[in-house]
Amino acid sequence: MSWVIQLGASTLDNIRSFGRAFLMLTGALIALPQLKNVRLTLQQIYVVGVQSLLIIMVSGLFIGMVMALQGYTILVGYGAEGSLGPMVALSLLRELGPVVTALLFAGRAGSALTAEIGLMKATEQLSSLEMMAVDPLRRVVAPRVWAGIISMPMLALIFSAIGILGGHLVGVDWLGVDSGSYWSIMQATVDWNKDVVNGILKSIVFAIVVTWIAIFKGYDAVPTSEGISQATTQTVVYSSLAVLGLDFVLTALMFGIN
Amino acid sequence: MNTRKTELMVGFFVILTVAATLLLAMKVVNQGFSNNESSYTLYAKFDNIGGLKTRSAVKVGGVTVGRVESIYLDPEDFNPVVVLSVSQQYDNFPDTSSVAILTSGLLGEQYIGFQPGFAFDDFVTLADGDYIQDTKSALVLEDLIGQFLFSRDSE
């Protein structure tokens, strides 16, 4: 009988924490935008977006280069190395751009968000804000959520663009695929609405999920050093799993049947 | 971190994003014949369309003048009908024009090769909704091999 009780308890626990997460998000986002908060959001875009730029650009470059190298060795066997361009571009725009950006973002920025907000909670900065009649949801949480949602699609676009240039670097400049066919077959295959816009939509969904998990885990962390370390780990694990799972669902919806 | 430097860096971030989007929009994405351009519709009935797909190109001498809008089966004689959407820019093809389903390269995509007919003094141009009478179907490799074997057998 005891395991039934345990199951029930953990189910209730999950539902409660989901409810708390939802309340946190609505409390943070359903508020009139203030000029002061725009400034704060800008500051957070710097922390979450600009400081992630380097890792995103470097990984984009290398992933594009590796894909061109691998794709070339396979395609050249069929004499179809002209299709290297669309292969690199489509896989970057549709899958790797949004997904790898989200994974890196979870590791680079999500964990930092969790640790920051968790520590604010542990050192009772959040309670102090409340004592001063400043809503921590609007002052601390909202700018970070918006910054995450704004930054990640931008990072994903930069990732894809740099990856395609990296593919060009290896495929054309090193392995000798014709530059004209790299670009022109890519242009003939890639569609703006179907590929680029869907990739951006994907990365907006990932951005919401990753920032939400990161901030809620920090906001809901047990305010001890152990609790914060656990929350940070959970952020990375949960957001990575959520991104990969959601990616399958979104891909099936966007590209699955027609 | 002072505010001005932050704002500067965020500005650079935005510029970089715009540059990436421009690269994708200008160099990566298909910017040829799009549906926004004004176009007119032609129909062509084939026996076999092979691997032709919607959005395949319609080419005159290698120049893309339109796209395949849709493909459906005529419910009466069970022949596939291909709906072509041709740019309004090219609106004076004679009605003696013919279309064939061709393949680019050995393993490439299939497209519609449009062969304009002779323009006589009093020729009639193809207009919106017209059927193109003269069509050549796609070559199906199996049929070709079958014919070859059959002709060898009969020798």
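The values are calculated or read from the model by the stated rules, or taken from the named source; none is laboratory data. The structure displayed is predicted, hence computed values, not measured ones. Cβ: placed from backbone, ideal geometry, glycine included. Neighbour counts: every protein chain shown.
I'd like the full set of residues that are more than 17 Å from the chain's Cα centre (by Cα) and of a type in the set (Ser, Thr, Tyr), limited to the stretch B:112-150.
Correct list: B:125 only.
Might you check whether a residue that is more than 29 Å from residue A:240 (Cβ to Cβ), in contact with an Asp or Glu (Cβ under 6 Å, 6 or more places away or on another chain), in contact (Cβ under 8 Å) with a residue 40 or more places away in the chain and surrounded by 23 or more Cβ atoms within 10 Å (Cβ to Cβ) occurs anywhere in the stretch A:151-174?
Taking every residue of the stretch A:151-174 in turn, none turns out to be more than 29 Å from residue A:240 (Cβ to Cβ), in contact with an Asp or Glu (Cβ under 6 Å, 6 or more places away or on another chain), in contact (Cβ under 8 Å) with a residue 40 or more places away in the chain and surrounded by 23 or more Cβ atoms within 10 Å (Cβ to Cβ).
Going through A:185, A:213, A:204 one at a time, which residue ends up being under 17 Å from the mean Cα position of the chain (by Cα) and within 14 Å of chain B (Cβ to nearest Cβ)?
Matching residue, one of A:185, A:213, A:204: A:204.
Each row is one residue, and each column tells you yes or no for (1) part of a helix (DSSP H, G or I); (2) at pLDDT 90 or above.
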position: A:11; (1), (2): yes, yes
position: A:28; (1), (2): yes, no
position: A:33; (1), (2): no, no
position: A:37; (1), (2): yes, no
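With the requirement that a residue be over 12 Å from the mean Cα position of the chain (by Cα) and free of Cβ contacts under 8 Å to residues at least 60 places away in the same chain, what does the stretch A:87-119 give you?
A:87, A:91
Results for (1) without any contact (Cβ under 8 Å) to a residue 60 or more places away in the chain; (2) surrounded by fewer than 17 Cβ atoms within 10 Å (Cβ to Cβ); (3) within 22 Å of residue A:244 (Cβ to Cβ), shown as yes or no for each residue.
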residue	(1), (2), (3)
A:8	yes, yes, no
A:35	yes, yes, no
A:62	no, yes, yes
A:85	no, no, no
